[in-house]
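Engineer: Right, I'll just put the structure down here and ask away after.
Where a number appears in this text, it was derived from the coordinates with a stated rule and is not lab data. Nothing here was measured: the structure is a model prediction, and the numbers come from that model. Cβ placement follows ideal geometry from the backbone for every residue including glycine, while neighbour counts extend to all protein chains displayed.
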Amino acid sequence: MTYAFPPPESVSLAISGERAKFPVRRVYCIGKNYEGHVKEMGGDIARSQPIFFTKAAETLVPSGTDILFPPNTDNLHYEIELVVAIGPDGIFGYAAGIDLTRRDIQSEAKRMGAPWDRAKNFRQSAPCSKITRAENIDIQSAQIILRKNGEIMQSGRISDMIWSIDEIITRLTNDMDLQPGDLIFTGTPKGVGPAIIGDELCGEIQGLEPIIIRVI
Ligand code: MN
């Protein structure tokens, strides 16, 4: 096999306490998965169905990354989310991720009935912590928090999800395709809001490694 030019390096995430890396395949995301967030976005719980979208694996950045404020937005939003990492034998582990969103572009896309790619799938839009192996973690009862400059902006529990982890996995398996290396951002609790240049965002999920980024 020869290439016309060198292929990009494959994307991977660190695994807590291990030298081996988790090889990333695809990044699935689910929208509208916490009642409080559906309400704050003006949605209707009764008619709410899960919405799936994707981010390119290349949008992943590790904790400690300086995020360059993205172009063409006046409203960059944070969304703290549990990330489920799929391995060869089902759930491999969990991480804390931030689904960075150009909210103004998303609002326009919703009005136009257009895809969300420009709102969700831009450079550095998927900060994600190291992965912690799933063994011995009671993720259901874990608290999920986002702090902006030390102040708690988002707070919820994984058990508050509308669609459970198992339901999301079943749906992705039957409706799309789920393979080892895939990540799933599982939606955000209420309290999303803007981040501006200089802000430090810290996402914490009990039992997992934190995700800390700064917008520059
Ligand atoms: Mn999200």
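Engineer: Of the chain, which part is the longest with no GluC sites (Glu not before Pro) in a loop (DSSP not H, G, I, E, B) and with at most 13 other C-beta atoms within 10 angstrom?
Structural biologist: Here the longest segment lacking exposed loop sites spans 19-134.
Engineer: Between Asp104 and Glu200, what is the spin-label point distance in nm, taking each point 7 Å from the Cα along the Cα→C-beta axis?
Structural biologist: About 2.8 nm separates the two model spin labels.
Engineer: Size of the dipole of segment 12-215 about the Cα centre, Lys and Arg at +1 and Asp and Glu at -1 on the beta carbon, nothing else charged, in debye to 20?
Structural biologist: Values: 23 positive and 27 negative charges, 80 e Å.
The dipole of segment 12-215 has a size of about 380 debye.
Engineer: How many percent of DSSP beta bridges within the chain run antiparallel, rounded to 5?
Structural biologist: 80
Engineer: Give me the number: length gained by fully extending Met112 to Leu68, i.e. 0.36 nm times residue separation minus the C-alpha to C-alpha distance, one decimal in nm.
Structural biologist: Gain in length upon complete extension: 13.1 nm.
Engineer: How many nm is it between the label spots at Ala4 and Glu58, if each spot is 7 Å from the Cα in line with the beta carbon?
Structural biologist: The two pseudo-label positions are separated by 1.5 nm.
Engineer: I need the shape label for the chain. Rule: rounded when a/c is under 1.5, else prolate if a/b > b/c, else oblate, with a, b, c from the alpha carbon gyration tensor.
Structural biologist: It is rounded, given that a/c, with a ≥ b ≥ c, falls under 1.5.
Engineer: Taking a ≥ b ≥ c as the square roots of the Cα gyration tensor eigenvalues, with a/c under 1.5 meaning rounded and otherwise prolate when a/b beats b/c, else oblate, which class fits segment 42-112?
Structural biologist: Cα axes put segment 42-112 in the oblate bin.
Engineer: With runs of 4+ DSSP H residues as the only contributors, calculate the mean residue ellipticity of the chain at 222 nm using -39,500 (n - 2.57) per run, divided by the residue total and rounded to the nearest 500.
Structural biologist: -4000 deg cm²/dmol
Engineer: Rounded to the nearest 0.05, what FRET efficiency is calculated for Arg123 and Arg214 with R0 set to 22 Å and r the Cβ-Cβ distance?
Structural biologist: Rounded to the nearest 0.05, the efficiency is 0.90.
Engineer: Enter the Cα centre distance for the pair segment 92-160 and segment 1-42, rounded to the nearest angstrom.
Structural biologist: Spelled out, the Cα-based centre of one part sits 11 Å from the other.
Engineer: Round to the nearest 0.05 the FRET efficiency obtained for Ser155 and Asp44 when R0 = 22 Å and r is the Cβ-Cβ distance.
Structural biologist: Computed FRET efficiency for Ser155 and Asp44 comes out at 0.40.
Engineer: Sticking with this one: GNM, the chain, Cα, under 10 Å: largest mean-square fluctuation among Arg157, Arg118, Arg25?
Structural biologist: Arg118
Engineer: For a 29 Å ceiling on Cα separation, which of these pairs sit above it: Lys21/Lys120; Lys110/Lys190; Lys110/Lys130? Write down the numbers at each step before the final one.
Structural biologist: On the way: Lys21/Lys120 25 Å; Lys110/Lys190 19 Å; Lys110/Lys130 32 Å.
Table pairs above 29 Å Cα-Cα are Lys110/Lys130.
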